[in-house]
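Q: Supplied in structure tokens, the structure appears directly below.
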Amino acid sequence: MTQKPAAAPGTRNLITDVPGLTVGQAQDVAARTGVSVILPDDRAVAACDVRGGGPGTRETDALAPENLVEAIDAIVLSGGSVYGLAAGDGVVGWLGARGRGYGGLARPGVPPSPVVPGAILFDLANGGDRDWGEDPPYRRLGREAVAAAGLDFALGTAGGGYGAMAGSLKGGTGSASIVAADGITVGALVCVNSFGSVVSGDDRTFWAAPFEMGAEFGGLGVAGLSARPDAWGLAKADPKARMNTTIACVATDVALTPAQAKRVAVMAQDGLARSIRPIHAPFDGDVVFALSTGRRPLEGGDFTIARIGALAADVLARAVARAVFEATPWPGSQVRCWRDL
């Protein structure tokens, strides 16, 4: 009997293994903040699922299946709390100047309207220089990030997760991918700024350990995993409302409708529950986007949707661990990182 090929990470083990996607990032080292932009080659179907009690989002209502606009032009994940929502303005301006966007009302003299949903995390209390007066850097960072979009990008202290903290450890930006035996590709990009801890107790073992592929975040295995009620290990000791958020995007090359993408986003949230403890608290703002580049036809109906959602949850859990595994201190700082445990 011929053995069926196993699923494996894509060539880069990044969300850009999904055909039709690039990612760009930019950061402001002095302000300890940054922006990540997921840029599809063409307009893409997307959806959003919000689970945190204190979210900050942009254009998410446009993604509802019953609404007019069925595709987006980019997704922005940004630091900066409410200031970071302006990163979407920079991306919109960049796209519009290149004729990209929703053209339902297009005519001479009327530019297209790029649809750019986004979500933000709170990194304003990490010691960076916020003396920006009336000119926060986020519009500029959004423009720089989208202009830099490509297939390869940095993990850890980079992009939208540059200023993030994951519990009491340095957080960051993570990504991972999986290619199933039949060729379906699923990827995830996440900026981890969680209240909860990504490791078991005070140990180095990631909650996501059962889902690790190879040694992508240390290869420690599951022997160190243990959980006790009301014991959260390296979670933040004094969380505040709206100050803790994990924001993410999962993507696939399978053609999905907006409603199907929504189901994938809902299922993908389980990846956060598998990799962060606790999650979706009142002071979290957790948001997951799901995106389809439509390069591969949907075959198998709802069963395939279930497969994609399950793959998305697993790959998102891996991306969370990779974000913290790759994180390094800000220049000149003594922030505690996973490598210090």
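The values are calculated or read from the model by the stated rules, or taken from the named source; none is laboratory data. Computed from a predicted structure; not experimentally measured. So basically every Cβ, Gly included, is an ideal-geometry build from the backbone, and we count neighbours across all protein chains shown. Ligands, DNA and RNA are stripped out before the accessible areas are found, and what is left, the full protein with its side chains, is counted by its heavy atoms. Shrake-Rupley method; radii C 1.70, N 1.55, O 1.52, S 1.80 Å.
Q: For the range 147-160, indicate whether the set of residues that are surrounded by fewer than 23 Cβ atoms within 10 Å (Cβ to Cβ) and among the charged types (D, E, K, R) is non-empty.
A: For the range 147-160, residues surrounded by fewer than 23 Cβ atoms within 10 Å (Cβ to Cβ) and among the charged types (D, E, K, R): present.
Q: Let me ask another. Specify which of the listed residues (Ala74, Ala125, Ala87, Ala97) is within 23 Å of Gly52 (Cβ to Cβ), among the small types (Gly, Ala, Ser) and open to solvent by 50 Å² or more (accessible area, probe 1.4 Å). Steps first, please.
A: Numbers: Ala74 fails: open to solvent by 50 Å² or more (accessible area, probe 1.4 Å); Ala87 fails: open to solvent by 50 Å² or more (accessible area, probe 1.4 Å); Ala97 fails: within 23 Å of Gly52 (Cβ to Cβ).
After applying the criteria, what remains is Ala125.
Q: Given the condition modelled with pLDDT of 95 or more, closer than 24 Å to Cys337 by Cα and acidic (Asp, Glu), answer yes or no: does some residue in the range 302-314 qualify?
A: yes
Q: Within the range 254-263, can one find any residue that is at pLDDT 95 or above and either of a type in the set (Val, Ile, Thr) or assigned to a strand (DSSP E or B) (or both)?
A: The answer is yes, given that some residue of the range 254-263 is at pLDDT 95 or above and either of a type in the set (Val, Ile, Thr) or assigned to a strand (DSSP E or B) (or both).
Q: Then there is this: Which one of these is out of contact with any Asp or Glu (no Cβ under 8 Å at 6 or more places or on another chain) and hydroxyl-bearing (Ser, Thr, Tyr): Thr245, Thr205?
A: Just one listed residue meets the conditions, Thr205.
Q: Restricting the first residue to the range 1-28 and requiring it to be small (Gly, Ala, Ser) and modelled with pLDDT under 95, which pairs with a second residue that is open to solvent by 30 Å² or more (accessible area, probe 1.4 Å) and part of a loop (DSSP other than H, G, I, E, B) meet a Cβ separation below 9 Å and a spacing of at least six or different chains?
A: Here the result reads Ala6/Ala181; Ala7/Ala181; Ala7/Met213, each pair linking the range 1-28 to a residue that is open to solvent by 30 Å² or more (accessible area, probe 1.4 Å) and part of a loop (DSSP other than H, G, I, E, B).
Q: Taking the condition of being out of contact with any strand residue (DSSP E or B) (no Cβ under 7 Å at 6 or more places or on another chain), at pLDDT below 85 and open to solvent by less than 80 Å² (accessible area, probe 1.4 Å), how many residues in the range 207-242 meet it?
A: 3
Q: Residues Thr185, Thr257, Thr245: which one is under 23 Å from Val50 (Cβ atoms) and open to solvent by less than 20 Å² (accessible area, probe 1.4 Å)?
A: Unique residue meeting the criteria: Thr245.
Q: Then there's this: Are there any pairs with C-beta distances below 6 angstrom linking a residue in the range 31-45 that is farther than 18 Å from Asp89 by Cα and part of a strand (DSSP E or B) to a residue that is among the aliphatic types (A, V, I, L, M) and open to solvent by 10 Å² or more (accessible area, probe 1.4 Å), with the two at least 6 apart or on different chains, and if so which?
A: Ala44/Ala71; Val45/Ala71; Val45/Leu256
Q: Continuing with the same structure: Look through Arg318, Arg274 and report the one residue that is over 20 Å from Ile120 (Cα atoms) and open to solvent by 60 Å² or more (accessible area, probe 1.4 Å). Walk me through how you get there before you give the answer.
A: On the way: Arg318 fails: open to solvent by 60 Å² or more (accessible area, probe 1.4 Å).
Among Arg318, Arg274, only Arg274 is over 20 Å from Ile120 (Cα atoms) and open to solvent by 60 Å² or more (accessible area, probe 1.4 Å).
Q: Filter the range 75-101 down to residues that are part of a loop (DSSP other than H, G, I, E, B) and closer than 24 Å to Val29 by Cβ and give me whichever is nearest to the chain's Cα centre (by Cα). Let's see the steps before the verdict.
A: Restricting attention to the range 75-101, the residues satisfying the condition of being part of a loop (DSSP other than H, G, I, E, B) are 79-80, 98-101.
Adding the requirement that they be closer than 24 Å to Val29 by Cβ leaves 79-80.
Values: Gly79: 12, Gly80: 15 Å.
If we take residues in the range 75-101 being part of a loop (DSSP other than H, G, I, E, B) and closer than 24 Å to Val29 by Cβ, then Gly79 is nearest to the chain's Cα centre (by Cα).
Q: Also, I was wondering about something else. Kindly indicate whether Arg139 is closer than 19 Å to Arg322 by Cβ and charged (D, E, K, R).
A: no
Q: What are the residues in the range 25-39 that are buried (at least 23 other Cβ atoms within 10 Å of the Cβ) and out of contact with any Cys (no Cβ under 7 Å at 6 or more places or on another chain), if any?
A: Gln25, Ala26, Gln27, Ala31, Arg32, Thr33, Gly34, Val35, Val37, Leu39, listed by residue number.
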